[in-house]
Amino acid sequence: MRIGLGNDLHRLEVGRPLFLGGIRIPSKKGEIATSDGDVLIHALIDAILGAFALGDIGTFFPPDTKEYNGIDSKELLKIILEKTKPIFINIDSVVTLEKPKLLPYVPQIKESLSKLLNLSLEKISVKAKTNEGLGEIGRGEAIKAEVIILLKEN
Ligand code: MG
């Protein structure tokens, strides 16, 4: 068994789409990124790579590479799953965002992750928090995700 930890933060900008865990969340602001900016999937990728001690998302997908422009982060995750072939035990995560409130979207996010990871819903935890108005996240300038996973090598 191996444990992995990942986090990610992106700036937010008015008029961009907000992607989280592979779904689009209705929001005035979305992530600024080379890819679609899905912080939860990026943190998940880093957690998987961390469990295998294989570096991080930037090692595999350098941010200045043209072919990753606007890429769906689910595609990046699929590449990493294909390479590492993990058997997941469970996943816990925290997303910190001031607006919109994410709680109503948590079931959809979990459903999406369940499909992507071939892992049952009761083994996936997604927690949504605000930053109580403090700092760049509190001002609505950024979104952050943290993920911890336990997996077995295949
Ligand atoms: Mg990222």
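The values are calculated or read from the model by the stated rules, or taken from the named source; none is laboratory data. These figures come from a predicted structure and were not determined experimentally. Positions of Cβ are backbone-derived with ideal geometry, glycine not excepted, and every protein chain shown enters the neighbour counts.
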- Task: Given the conditions (1) within 12 Å of the ligand (Cβ to nearest atom); (2) touching a Ser or Thr at 6+ places or on another chain (Cβ under 8 Å); (3) modelled with pLDDT of 95 or more; (4) not hydroxyl-bearing (Ser, Thr, Tyr), report the number of the one that Val39 does not fulfil.
- Result: (2)
- Message: If Leu5 satisfies all but one of (1) more than 14 Å from the ligand (Cβ to nearest atom); (2) part of a helix (DSSP H, G or I), what's the number of the condition it fails?
- Response: (2)
- Query: Of the residues that make up region 26-36, is at least one more than 16 Å from the ligand (Cβ to nearest atom) and at pLDDT below 95?
  - Reply: no
- Message: What's the total number of residues in region 42-66 that are among the β-branched types (Val, Ile, Thr), without any contact (Cβ under 8 Å) to a residue 60 or more places away in the chain and more than 10 Å from the ligand (Cβ to nearest atom)?
- Response: 2
- Query: Residue check: is Gly70 within 12 Å of the ligand (Cβ to nearest atom), exposed (fewer than 14 other Cβ atoms within 10 Å of the Cβ) and modelled with pLDDT under 95?
  - Reply: no
- Among (1) surrounded by fewer than 12 Cβ atoms within 10 Å (Cβ to Cβ); (2) farther than 18 Å from Phe52 by Cβ, the one test that Val95 misses: (1)
- Within region 39-49, identify whether any single residue is surrounded by fewer than 16 Cβ atoms within 10 Å (Cβ to Cβ), in contact with a strand residue (DSSP E or B) (Cβ under 8 Å, 6 or more places away or on another chain) and under 21 Å from Asn131 (Cα atoms), and answer yes or no. no
- Scope region 125-154; condition of a type in the set (A, V, I, L, M, F, W, C) and over 13 Å from the mean Cα position of the chain (by Cα); matching residues: Leu134, Ile137, Ala142, Leu150, Leu151
